[in-house]
1. Limited to the stretch 46-96, what total is found for residues that are of a type outside the set (Ser, Thr, Tyr), closer than 20 Å to residue 16 by Cα and part of a strand (DSSP E or B)?
2. Output the residue which, of all residues in the stretch 182-219 that are among the polar types (S, T, N, Q) and not in a helix (DSSP H, G or I), is farthest from residue 85 (Cα to Cα).
3. Being touching a helix residue (DSSP H, G or I) at 6+ places or on another chain (Cβ under 9 Å), acidic (Asp, Glu) and outside any loop (DSSP other than H, G, I, E, B) narrows it down to one of 151, 165, so name that one.
4. Is it fair to say residue 171 is assigned to a loop (DSSP other than H, G, I, E, B), outside the structural domain of residue 93 (by TED's automatic domain parsing) and out of contact with any Lys or Arg (no Cβ under 7 Å at 6 or more places or on another chain)?
5. Of all residues being out of contact with any Phe, Trp or Tyr (no Cβ under 9 Å at 6 or more places or on another chain) and touching a residue at least 24 places away in the same chain (Cβ under 8 Å) in the stretch 38-49, which is farthest from residue 14 (Cα to Cα)? Just the residue, please.
6. All but one of (1) polar (S, T, N, Q); (2) surrounded by 20 or more Cβ atoms within 10 Å (Cβ to Cβ); (3) under 26 Å from residue 167 (Cβ atoms) hold for residue 59, so report the exception by its number.
7. Pairs only if they're at least six apart or on different chains, beta carbon under 9 angstrom, first in the stretch 75-104 and of a type in the set (Lys, Arg), second part of a loop (DSSP other than H, G, I, E, B) and surrounded by fewer than 22 Cβ atoms within 10 Å (Cβ to Cβ); list them, first residue then second.
8. Confirm whether residue 197 is surrounded by fewer than 18 Cβ atoms within 10 Å (Cβ to Cβ), aromatic (Phe, Trp, Tyr), closer than 29 Å to residue 76 by Cβ and over 16 Å from the mean Cα position of the chain (by Cα).
Amino acid sequence: MTEIEAIRQRHSVRNYKSQRIEEDIVQKIREMSDEINRESGLHLQFIEEAGKTYNKLLNRTSGLDSAPSVIACVGNESIDDLDEKVGYYGEKLVLFAQTLGLNTCWAGIFSRKKIPVEIGPGEKLVISIAIGYGENAGKAHTSKSADQLSESAKDMPDWFTKGVEMAILAPTAMNQQKFVIKLNEDDSVTFIDKGGFFSKVDLGIVKYHFEIGSARHIE
């Protein structure tokens, strides 16, 4: 499965089977986490036993407390644009999990005191990602149009259009899609954060999706 196929197939899942993730799959996730951490300087952690991470009332009501495992997105507070970087690299791990047959859900509401995470000096726990085998594959949500989420002063080239197409499929907090992708005259791309709940994390996720769709790395 390619990353574009993973983007198209992946939806947020809040209800999980009690089935544990097989050890060989766990090993692949840990190896990818280590690779991402070396590249990014983050401290993403796959935690096999979620414990009481999702014991808050809202989590129990939505069914998220059924998630067997969790990815804790941790990074040093000195990192520039930490939240955006967490979104970018966290989504890379999310899509990798999708290629392994797993389901996920970005979750900003969880018990920060009960998640069994390792947080070093100067580090911050930004957000969590529930992971496991879903009771279903989730479903697509209504999205804004490309016209609403992108702008350009000139004709949009095919690579930009494909990037926006993948960005539209990016998960955002409460499906808010508070971003705009702007194509500049020199073909550089600007990502505009319009604010909102976890919008900087969202922007990192959107940027990763755009790069996959456009096949371009955006500085």
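The values are calculated or read from the model by the stated rules, or taken from the named source; none is laboratory data. All values derive from a computational prediction rather than experimental measurement. Heads up, the Cβs are rebuilt from the backbone with ideal geometry, glycines too, and the neighbour counts pull from every protein chain shown.
1. Number of matching residues: 5.
2. So the first thing to find is which residues in the stretch 182-219 are among the polar types (S, T, N, Q), and the list is 184, 188, 190, 199, 214.
Still in the list and also not in a helix (DSSP H, G or I): 184, 188, 190.
Numbers: 184: 23, 188: 19, 190: 16 Å.
The extreme case among them is 184.
3. 165
4. On the way: assigned to a loop (DSSP other than H, G, I, E, B): yes; outside the structural domain of residue 93 (by TED's automatic domain parsing): yes; out of contact with any Lys or Arg (no Cβ under 7 Å at 6 or more places or on another chain): yes.
So residue 171 passes the test.
5. Only one residue fits best here, namely 41.
6. (3)
7. So the pair list comes out as 85/41; 85/79.
8. Taking the combined requirement at face value, the residue does not satisfy it.
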